[in-house]
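This report refers to the structure that appears directly beneath it.
The values are calculated or read from the model by the stated rules, or taken from the named source; none is laboratory data. Treat the numbers as computed from the prediction; the structure is a model and nothing was measured. Counting neighbours? That spans all protein chains shown, and the Cβs are built from the backbone with ideal geometry, glycine included. Protein only, heavy atoms only, side chains kept; ligands, DNA and RNA dropped before computing areas. Shrake-Rupley method; radii C 1.70, N 1.55, O 1.52, S 1.80 Å.
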Amino acid sequence: MAYATYDDYLLLYGGTRLTADAFLAAVGDASAEVDRYVFGRISAGAEITDDIKKAVCAAAETVSDRQASM
């Protein structure tokens, strides 16, 4: 499950590096990564706050970079 949308990426996070397609390709892995950092609390039902969305957007940029280098 993705914890952020492309609109969150553009408007809340202020992202400019990723296209919609690149964001969509990365956001699933980025969401899982952030959830691991908080020991599964998000997938267990924690509220999806703006801070979580921003963390997922930042992680999506890193995941996208990683995907591009493969």
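Condition check for residue 59 on (1) modelled with pLDDT of 95 or more; (2) open to solvent by 40 Å² or more (accessible area, probe 1.4 Å); (3) of a type in the set (A, V, I, L, M, F, W, C): one failure, at (2).
Taken over the range 17-40, the criterion of being open to solvent by 80 Å² or more (accessible area, probe 1.4 Å) and either touching a helix residue (DSSP H, G or I) at 6+ places or on another chain (Cβ under 8 Å) or within 14 Å of residue 54 (Cβ to Cβ) (or both) is satisfied by 17, 24, 29, 37.
The residue pairs whose first member lies in the range 26-55 and is within 21 Å of residue 70 (Cβ to Cβ), whose second member is open to solvent by less than 60 Å² (accessible area, probe 1.4 Å) and outside any helix (DSSP H, G or I), and whose beta carbons are closer than 6 Å, counting only pairs six or more residues apart or on different chains, are 27/2; 28/2; 31/2; 31/3. Looking only at the range 1-16, filter to residues that are in a helix (DSSP H, G or I) and farther than 19 Å from residue 67 by Cα; which one of those is most open to solvent (accessible area, probe 1.4 Å)? That would be 11.
When residues in the range 41-52 are screened for being part of a helix (DSSP H, G or I) and buried (at least 19 other Cβ atoms within 10 Å of the Cβ), 1 of them pass.
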